[in-house]
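The values are calculated or read from the model by the stated rules, or taken from the named source; none is laboratory data. It should be emphasised that the depicted structure is a prediction, and the values quoted were computed from it without experimental measurement. A quick note on method: Cβ atoms are made from the backbone with ideal geometry, for glycine too, and the neighbour counts reach across all protein chains shown. For accessibility, only protein heavy atoms count, side chains too; no ligands or nucleic acids. Shrake-Rupley method; radii C 1.70, N 1.55, O 1.52, S 1.80 Å.
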Amino acid sequence: MISQNQVKALLENSKLIEKKKLEKVLREATEKRENAIDVILAQNLVGERPLFEAIAESLKLPFTDLHDTTIRRDILALIPEPMVQFHRIVAFARTDRNVKVATVDPDDLQTVEFLEKKIGLPIELHLTTPSSISEALKQYHHGLKAEFKAISQEQAPSDRPEALKQLAEDIPIVRVVDTLLEYAVFEGASDIHIEPTEKETLVRYRVDGVLRDVMTLPKHVQPGLVARIKILSSLKIDEHRLPQDGRFKIESGDQRVAFRVSILPVVDGEKVVLRLLNETARVLTLEQIGLQPRPLELVKIAIKKPHGITYVTGPTGSGKTTTLYTILSVLNTPKVNISTIEDPVEYRIPRVNQTQVNPRIGLTFANGLRTLLRQDPNIIMVGEIRDPETAEIATHAALTGHLVLSTLHTNDAVTALPRLTEMGVPTFLVSSTTNVVMAQRLVRKICTHCIESYTLTKKQIADLEKQVDFSSVLKGLVAGGAATEKQGADELLFFRGRGCPQCNEEGYRGRIGIYEVLDFTPAIAKLVLERATSDIISQAAKAQGMLTMLQDGFLKAKAGVTAIEEVLRVTKE
């Protein structure tokens, strides 16, 4: 929203508030980490309209009050209702040349640019008040409720395919589904959850790894939503007792997005989860995914070797597949043949032969991998090593002159080695084929629009010492050049997000990886051969300079990339 310095300058010039009162409220806003305008309005120091008229005059923008404005349905529908709710921006008039849009945050240029692309006309920006936006939202809800009367509980659909198909093609249902999909793409959501409860239907998005509520819809709308998504995914519309999986694609602006659909019967109906896969997303480089200089060097050395295995480990949703695709993009040249076996194929890569497993017809990871080895590959990517058979074939492939990339579900890099031996892979194969093991998590990045610095209090330091090995963290900061040995913990500057409209008051926007990379040296290989415990291997790895995930996370927290709370959230076991 408007910065505190801008608020101070325009209010001093307009003399709407006495200077002493203004200074007091600005101090209070800083202490509470709140927006100055919100504090001023909460304390009734000045009326909402005079305040925003003064802001509009200062910014040389036209001011519009929407309280007594009836917005046409077609104009209101230009901006999806969730976007109006989160970004406080609404369309209220349209001509052949432009669309007039009212907002409380004229600095939210990203949303304005998105709307110009979506609508296909230039945006004429007007400033309005928060209560005006609320009034516009009421108009949206009244219209939506009127449309939903067509799908009343008394006329609940039967299970006949014809009735369900007709329901799925009703304009209100089509509009709601389109809105949910389009807004999810705009918000950068990775998943959409449509969850039936006893009395209503909840819609939630997972953004930057965290779920948040987006919409609450009437319960009787749920069969129509599910039917619509089943039709889009080419699923059986009249099957309600068994789980179903499907897929469909949409184009939104200049983005092409694939939706992977999973439908599961639950007590109150059918729950739908849609995974968003942006097919136009550009592939990152190894530097961009967030590796520190030394681990980056180790990975680059490992993937240049002609044979051996690189393992990427971590829980579901930790970005392992993205890391593997990033490595593949580095290795993808006309001189090599790259083949993959995945479940599922999430992104298409030019010149890479990608195969999706299909257990129903016998195409498992193990069977697919056997076939790949007869395709004269130089590089093989196995989406995941889940069973002893796949593990054995992959390690034998690495032993016989292939470079193999794969993932494992373990909490850190070191425990991947005992995991392989537990699967029945001989220790000599593990020690002779492993090039490097990467473990990773994804942390949310601090929003650059509301970042602020702070130092740790004694209480915060004491709390950290209870949760983590803080002396090891400090050593990592010193080793990474982010601190000196003379500095005390209370002298170190860390960062956090205050929360602003750009990040929906979350304080975070986007994600980045934190990593630990285990260099498979002769000393580590010897310990694996001797069947050493993961604790002993971990001590040896740290002794040879391995940067742990926790240390990497604190280095990024010290650099202002993420916050300490985020690092603790994803590294706690």
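Annotations for the structure displayed:
- Residue count, region 74-111 (criterion: free of Cβ contacts under 8 Å to residues at least 40 places away in the same chain and more than 25 Å from ASP213 (Cα to Cα)): 11
The rows are residues; the columns are (1) in contact with a Ser or Thr (Cβ under 9 Å, 6 or more places away or on another chain); (2) surrounded by 22 or more Cβ atoms within 10 Å (Cβ to Cβ).
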| residue | (1), (2) |
| --- | --- |
| LEU403 | yes, yes |
| SER406 | yes, yes |
| THR410 | yes, no |
| VAL414 | yes, yes |
| GLU422 | no, no |
| VAL425 | yes, no |
| PHE428 | no, no |
| ASN435 | yes, yes |
| MET438 | yes, yes |
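Each row is one residue, and each column tells you yes or no for (1) within 29 Å of LEU286 (Cα to Cα); (2) of a type outside the set (A, V, I, L, M); (3) modelled with pLDDT of 90 or more.
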{"position": "SER432", "(1), (2), (3)": "yes, yes, yes"}
{"position": "ALA439", "(1), (2), (3)": "yes, no, yes"}
{"position": "VAL443", "(1), (2), (3)": "yes, no, yes"}
{"position": "ILE446", "(1), (2), (3)": "yes, no, yes"}
{"position": "ASP469", "(1), (2), (3)": "yes, yes, no"}
{"position": "GLN487", "(1), (2), (3)": "no, yes, no"}
{"position": "GLY497", "(1), (2), (3)": "yes, yes, yes"}
{"position": "THR521", "(1), (2), (3)": "yes, yes, yes"}
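- Subset of region 292-321 (residues that are charged (D, E, K, R) and assigned to a loop (DSSP other than H, G, I, E, B)): LYS304, LYS305
- When LYS24 is tested against (1) touching a helix residue (DSSP H, G or I) at 6+ places or on another chain (Cβ under 6 Å); (2) at pLDDT 80 or above, exactly one condition is not met: (1).
- When each of ILE55, ILE71 is tested for being touching a residue at least 60 places away in the same chain (Cβ under 8 Å) and part of a loop (DSSP other than H, G, I, E, B), the lone residue that passes is ILE71.
- Residue under evaluation SER131, criteria (1) under 21 Å from ILE40 (Cα atoms); (2) among the polar types (S, T, N, Q); (3) open to solvent by less than 10 Å² (accessible area, probe 1.4 Å), criterion not met: (3)
- When ILE55 is tested against (1) modelled with pLDDT under 85; (2) open to solvent by 60 Å² or more (accessible area, probe 1.4 Å); (3) farther than 30 Å from LEU217 by Cβ, only condition (2) is not met.
- Within region 461-473, being open to solvent by less than 70 Å² (accessible area, probe 1.4 Å) and within 28 Å of the chain's Cα centre (by Cα) holds for LEU464, VAL468, VAL473.
- Note on region 22-50: among residues that are open to solvent by 100 Å² or more (accessible area, probe 1.4 Å) and assigned to a helix (DSSP H, G or I), the one that is nearest to ASP65 (Cα to Cα) is ARG49.
- ILE338 meets the conditions (1) open to solvent by less than 50 Å² (accessible area, probe 1.4 Å); (2) at pLDDT below 90 in every case but one. The failed one is (2).
- Condition check for GLN255: surrounded by fewer than 18 Cβ atoms within 10 Å (Cβ to Cβ), closer than 27 Å to SER329 by Cβ, free of Cβ contacts under 8 Å to residues at least 60 places away in the same chain and of a type in the set (S, T, N, Q): no
- Out of ALA557, ALA482, ALA540, one residue alone is over 18 Å from VAL414 (Cβ atoms) and not in a loop (DSSP other than H, G, I, E, B). It is ALA557.
- Any chance ARG204 is in contact with an Asp or Glu (Cβ under 8 Å, 6 or more places away or on another chain) and either assigned to a loop (DSSP other than H, G, I, E, B) or under 24 Å from GLU346 (Cβ atoms) (or both): yes
- Those residues of region 512-550 which are more than 22 Å from VAL570 (Cβ to Cβ) and of a type in the set (Phe, Trp, Tyr), in sequence order: PHE520
- Of all residues making up region 85-108, the number that are of a type outside the set (D, E, K, R) and either closer than 22 Å to ARG256 by Cα or buried (at least 20 other Cβ atoms within 10 Å of the Cβ) (or both): 10
Every residue, every condition in (1) in contact (Cβ under 8 Å) with a residue 24 or more places away in the chain; (2) open to solvent by 20 Å² or more (accessible area, probe 1.4 Å); (3) basic (Lys, Arg); (4) touching a helix residue (DSSP H, G or I) at 6+ places or on another chain (Cβ under 9 Å), yes or no:
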position	(1), (2), (3), (4)
LYS526	yes, yes, yes, yes
ARG531	yes, yes, yes, yes
ILE536	no, yes, no, yes
GLY545	yes, yes, no, yes
MET549	yes, no, no, yes
ALA563	yes, no, no, yes
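- Region 492-524 - residue that is of a type in the set (A, V, I, L, M, F, W, C) and open to solvent by less than 20 Å² (accessible area, probe 1.4 Å) and, of those, farthest from PRO106 (Cα to Cα): ILE524
- Identity of the residue in region 191-242, without any contact (Cβ under 8 Å) to a residue 12 or more places away in the chain and open to solvent by 60 Å² or more (accessible area, probe 1.4 Å), that ends up nearest to ARG260 (Cα to Cα): LYS236
- Residue match in region 261-274 (condition: in contact with a Lys or Arg (Cβ under 8 Å, 6 or more places away or on another chain), open to solvent by 70 Å² or more (accessible area, probe 1.4 Å) and closer than 28 Å to GLU505 by Cα): no
- So ALA479, is it within 27 Å of GLN539 (Cβ to Cβ) and open to solvent by 30 Å² or more (accessible area, probe 1.4 Å): yes
- Residue, nearest to GLU384 (Cα to Cα), within region 322-348, restricted to residues that are in a loop (DSSP other than H, G, I, E, B) and touching a Phe, Trp or Tyr at 6+ places or on another chain (Cβ under 9 Å): ASP343
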